[in-house]
Each structure stands twice: as C-alpha cells, then as structure tokens.
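A short worksheet on the structure shown next.
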Amino acid sequence: MKCNETGVLKKSEVYFSTPSQIAKKIYFYPISAGHFFCVKGYHLVRKNYNSLLITHILDGSFTYIKDGKHITAHKGDTIIIDCYKPHEYFTNDSFESVWVHIAGANSYEIFKEIESTYGNLIKCKDAQHLEKHLFRIFNNMKSGTAANELNYSLDIYKLFIELLNSQELRKKGETDYEDSISIVKRYIADNLNENLTVAKLADIVNMSSSHFSRIFKRQTGFSPYDYILISRLNRAKYLLQVTDMTVSAIAYEIGFNSESNFIYFFTENEGISPGKFRKLKF
C-alpha cells in the first residue's frame with residue numbers, strides 16, 4: 001500500500017495487520033509495518049497510536065523529539081518510540097527506514113525496560129540481524145497471505161533480543177544473557193505444546209545451539225532439555241489439579257504425541273500415575 005503523507009516518497013510502502021483475539025492475549029503482534037523513503041519536510045506529530053514503534057535507519061538521518069530533547073539516529077541506528085504517548089519526529093535531510101508498530105503480550109514492559117536502561121537510540125552491534133527480522137515482518141504483511149501469528153510473535157521476540165543483546169555488549173563490554181534467557185523461558189512457557197528443540201530456542205536469541213546450551217545452563221542450572229521436561233511436568237500437575245481435562249488432552253497440551261508416553265513420563269518422575277495424582281488432596 002502506498003503512503004500519501006507529506007515528505008514521504010511515492011515508492012514508500014506501508015501495510016497493516018489485524019490480530020486475532022488469541023494473538024491479542026498471548027502473542028506479540030504487528031499492527032503496521034513500512035519501508036519509507038522520506039525527504040526534508042517529513043514531520044509527524046501525533047497524540048497517540050496505541051503501539052510501540054521500532055524504526056531502523058537504512059540511510060540518512062531521523063530525529064525524534066522526547067521531552068523537548070532532540071534524539072537523532074543515523075544510518076545503522078535504531079530508534080524506539082512509545083507511541084501510546086504523544087510523539088513527534090521529522091527529518092532535516094532525508095532518510096530511508098524499515099519500521100514496525102507492535103503491541104501484545106508484555107511487549108510494553110520489555111520495551112520500557114530497554115528504554116529506561118538504554119534510552120531511545122539503539123546502536124546495534126550487528127544491524128543486519130535487526131534488518132532481517134524487520135523486513136521479514138514487512139514482507140509477510142506485504143504478501144497479503146494469512147501469516148502465522150506465532151511466527152510474527154517469534155520475529156518480534158527476536159527484535160527485542162537484538163536490542164537487548166547489542167546494548168548489553170556495548171554497555172558492559174561482556175555478554176550478560178539474563179534478559180535473553182528470560183525471553184526464552186517465557187517462550188517455552190507459552191509454547192509447551194510445540195516441538196521445542198534446542199536449535200529452535202537458540203535461534204530465538206541468535207546463538208549457536210552449543211553456546212546457547214552453555215549459557216542456558218549457567219543461568220538456570222538446567223540444560224534446555226531438562227528445563228523443558230520440568231516445565232511440562234509442572235504444567236501437567238497444574239492442569240490435573242485445577243481442570244477437568246482428560247489425561248489425553250493434557251498430554252497433547254504439553255507437547256506429548258501420545259497419552260501412553262505422557263503417562264510413562266509422569267509416573268517415572270512423580271512415582272504415581274496422572275490419574276492417581278488427580279485424586280490426591282492438596
């Protein structure tokens with residue numbers, strides 16, 4: 001979709017997405033995404049646009065005004081903006097950018113953590129990774145096909161990871177992966193019914209599988225595999241205690257491909273079958 005804003009060249013594009021009710025409750029999701037080419041005269045003043053904006057500058061310069069202070073980003077920089085509040089930005093020159101407005105899950109809390117710790121101007125260590133995730137969201141919205149909302153959410157997870165990790169490296173001069181591992185743990189908790197491989201989890205935080213496994217165990221005390229099994233076991237115990245779901249339904253809910261495999265796993269770890277566990281008084 002072409003954009004008709006003043007100062008935005010005709011070759012610029014913007015696309016919109018309407019999240020499902022499920023996505024609004026449990027996922028990160030994009031509201032709009034664009035690839036803009038802007039010239040002097042581009043100036044946006046807006047009371048609010050219920051979302052968070054991540055704008056990556058591909059060329060030129062872009063200025064965001066916050067509390068009267070001018071924050072200018074140049075090629076390779078990223079600006080993050082809380083659009084739930086009044087906001088203003090412009091260019092005195094020209095710029096090319098790829099951007100996405102996002103919302104959902106606890107995106108606001110993560111965003112505010114980044115903003116309060118590092119500010120609104122992010123100088124990424126490896127801008128190519130950030131560009132890749134932004135363009136993937138943009139291109140999926142552009143294609144007009146029914147996008148997998150989980151994949152959208154995963155790409156936004158990766159955007160946050162890039163912002164968190166690049167700043168940690170710059171600020172401390174060493175890798176502190178606490179935030180990265182927290183996001184992976186949250187992803188595991190939200191997707192226990194998925195095939196959670198070490199390679200998939202490592203990809204979320206842009207690490208190799210071996211490096212991710214070492215960092216994860218250092219941070220949690222467990223290997224990724226053991227942590228997933230413990231999480232599944234705890235979720236199963238919770239569902240057995242507070243729901244009327246069948247044992248078979250619980251098995252598939254937490255990622256087992258058969259009821260018998262789940263019963264064997266549960267009994268081996270708890271010393272009691274799921275059915276007998278459900279009858280216990282807590």
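The numbers here are math on the coordinates, done by the rules we state, and not lab data. Because the structure is a prediction, the values reported are computed rather than measured. With ideal geometry, Cβ positions are generated from the backbone for all residues, glycine too; neighbour counts draw on all protein chains shown.
Here are the numbers:
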item	result
Exposure proxy ranking, count of Cβ atoms within 10 Å, fewest first, for 38, 83	83, 38
Three-way shape label, the range 98-153, alpha-carbon gyration tensor, a/c 1.5	oblate
Sparsely packed trypsin sites (Lys or Arg not before Pro) within the range 1-63, loop by DSSP, other Cβ within 10 Å at most 16	10, 11, 40, 47
C-alpha long axis of helix 209-220 to longest principal axis of the chain, angle in °	70 degrees
The range 177-282: C-alpha pair distances exceeding 16 Å, %	58 percent
Packing-based exposure ordering (other Cβ within 10 Å, fewest first) of 246, 55	246, 55
Debye, to nearest 20: dipole size of the range 60-138, +1 on Lys, Arg Cβ, -1 on Asp, Glu Cβ	100 debye
Interchain or long-range residues, amide H under 5 Å from residue 51's placed H	83, 84
Cβ-based net charge around residue 87, under 10 Å, with every Lys or Arg adding one and every Asp or Glu removing one	+2
Rounded if a/c under 1.5, otherwise prolate or oblate - the range 51-108, Cα gyration tensor axes	oblate
Cα centre as origin, Lys/Arg/Asp/Glu Cβ charges: the chain dipole, Debye	300 debye
HN-Hα J in Hz across the range 56-66 - Karplus 6.51, -1.76, 1.60, θ = phi - 60°, x for Gly and Pro	10, 8, 8, 6, x, 9, 9, 10, 10, 9, 10
GNM flexibility winner over the chain from 263, 183, 80 (Cα, springs under 10 Å)	263
Residue-averaged 222 nm ellipticity for the chain, from DSSP H runs of 4+ at -39500 (n - 2.57), nearest 500	-15000 deg cm²/dmol
Where only C-alpha atoms are counted, convex hull volume of the range 13-174 per residue in Å³	107 Å³
Largest-first principal axis extents, alpha carbons of the chain, Å	71, 40, 31
Peptide ranges 99-109, 251-261 listed from the most packed, as the mean C-beta count within 10 angstrom indicates	99-109, 251-261
Fewest-first ranking of 133, 35, using other Cβ atoms within 10 Å as the exposure measure	35, 133
Within-13-Å neighbourhood charge of residue 239 [Cβ basis; K, R +1; D, E -1]	+2
